[in-house]
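These notes concern the structure reproduced below.
The values are calculated or read from the model by the stated rules, or taken from the named source; none is laboratory data. Worth saying up front: this structure is predicted, and the values here are computed from it rather than measured. Positions of Cβ are generated from backbone atoms using ideal geometry, with glycine treated the same way; all protein chains shown enter the neighbour counts. Only protein heavy atoms, including side chains, enter the accessible area calculation; ligands, DNA and RNA are left aside. Shrake-Rupley method; radii C 1.70, N 1.55, O 1.52, S 1.80 Å.
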Amino acid sequence: MMSLTIKSADECAYDCVSLGEVMLRLDPGDGRIHTTRQFTAWEGGGEYNVSRGLRRCFGLRTAIVTAFADNPVGRLVEDLILQGGLDTRFIQWQKYDGIGREVRNGLNFTERGFGVRGAVGCSDRGHTAVSQLKPGDIDWNELFGRLGSRWFHTGGIFAALSESTPEVAIEAVKVAKENGTMVSYDLNYRPSLWKSFGGLERCREVNREIAQYVDVMIGNEEDFTACLGFEVEGVDENISELPEDSFKRMIGQAVKEFPNFKVTATTLRGAKTASLNDWSALVWHDGEFYQPKRDFVGENILEIFDRVGGGDSFASGLIYGFLKFNDPLEAVSYGCAHGALAMTTPGDTTMASLSEVEKLVCGGGARVDR
């Protein structure tokens, strides 16, 4: 089995840097957005959650590249990011106009769901500072060259924010590759984001361009179909069940068309209800498929407290597994366990510890620790 070529920690200031949106997440106190009179505030964002998980759970050196309007809401999100331990020097601050006509910070109202009532997200993210980033705003050569990062992570949510963010993502992955930094990308297809910027056609154009520079491609069956144009046989319109053999054949087509993919990874989720899910994962590396040592299907079905961010925590566990062990079995196992634990607590971001992840990977149960 071939290993990934990853720079040593000694030659880099960071283990992982993420590029993406960070929003203020607001959870309704009574569980429903339209009836609550109070909200709990968290921070969250698809790409950000990955670096935060690597810092808080796995103890690695991480940073976030993003942008905020310089007002109290932006400073609140910054404070939450600082609590997560990420380096914030690459945050771009834009002058606030007083009412949010020119620039603002994103809000994400989120219902967790329960039983037969699915989770609901209501985002308010138009004209955000991060969506206005343009090529040239970030000195990528400084970040990946002089300072150095072993890994760079971004994804399809950031790329879909505006007309300019795809160009920023392309600029970043190109410079990362020039400096020998591993690049991971989570396709994270969101039709609501793309519909104002060319829809599915533009989505595929952008993602197929970025895919040429990606080492580790992450996405589920819908992501690979919508973003890259690969079809998975035997999947209905509700994606109620994923035939693994069909998904594996699709991955074979993807890595043939994009031979730069060194790893592809997907979570395998079967939602029985909003509160009970099958949960596993699948990784392809060097011509072989790997599944976790411990998954949550059948009798071991996973009970969900808050499903948002589970896939991001899978990604951070996956990246940790490669950075620590450079082994696909360890990577998929740590990813699956970390994603499972993240969905047992509120908010987008992980509250798990490394010892809890290691316990789950090794088959530990839910007995009380005293």
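Observations on the structure shown:
- Dipole magnitude of the chain, debye to nearest 20 (Cβ charges: Lys/Arg +1, Asp/Glu -1, about Cα centre): 680 debye
- Zone residues, the range 34-51, relative to Ser196, backbone N less than 12 Å from point 7 Å out along Cα-to-Cβ: none
- Along its principal axes, the range 248-317 has C-alpha extents of 38, 22, 19 angstrom, given from the largest down.
- Computed from the alpha carbon positions, the gyration tensor of the range 13-55 leads to an equivalent ellipsoid with semi-axes of 29, 9, 7 Å, biggest first.
- Violating pairs (Cα-Cα greater than 22 angstrom) within the set Lys248/Lys359; Lys248/Lys324; Lys177/Lys256: Lys248/Lys359; Lys248/Lys324
- The label point for Glu233 and the one for Gln83, both projected 7 Å from the Cα toward the Cβ, are 5.0 nm apart.
- Between Thr40 and Gln92, the modelled label-to-label distance comes to 3.4 nm, taking each label 7 Å out from Cα in the direction of the beta carbon.
- Under the Karplus curve 6.51 cos²θ - 1.76 cosθ + 1.60, θ = phi - 60°, whole-Hz ³J(HN,Hα) for the range 153-167, x wherever Gly or Pro sits: 10, 8, x, x, 5, 4, 5, 9, 6, 6, 5, 8, 5, x, 5
- Solvent-free Debye scattering, log10 I(q)/I(0), computed from the Cα coordinates of the range 76-121 at q = 0.16, 0.21, 0.27 Å⁻¹: -0.71, -0.88, -1.00
- Anisotropy class of the range 89-162 from Cα gyration tensor, a/c 1.5 cut: oblate
- Using every pair of separate Cα atoms, the Kirkwood estimate puts the hydrodynamic radius of the range 30-178 at 16.8 angstrom.
- Rounded to the nearest 20 debye, dipole of the range 141-286 from Cβ charges on Lys, Arg, Asp, Glu: 420 debye
- Integer Hz, Karplus 6.51/-1.76/1.60 couplings in order for the range 38-48, x for Gly and Pro: 8, 10, 9, 9, 9, 10, x, x, x, 7, 4
- Rounded to whole Å, sorted largest first: equivalent-ellipsoid semi-axes of the range 114-215, Cα gyration tensor: 27, 16, 14
- Carbon and sulfur %, accessible surface of the range 76-224 computed with the full protein complex present, 1.4 Å: 46 percent
- With a simple spin-label model that places each label point 7 Å from the Cα along the Cα-to-Cβ direction, the separation between Arg32 and Lys272 comes to 2.7 nm.
- Its DSSP H runs of at least 4 residues, each contributing -39,500 (n - 2.57), put the calculated 222 nm mean residue ellipticity of the chain at -9500 deg cm²/dmol, to the nearest 500.
- The shape of the chain comes out rounded: with a ≥ b ≥ c from the C-alpha gyration tensor, a/c is under 1.5.
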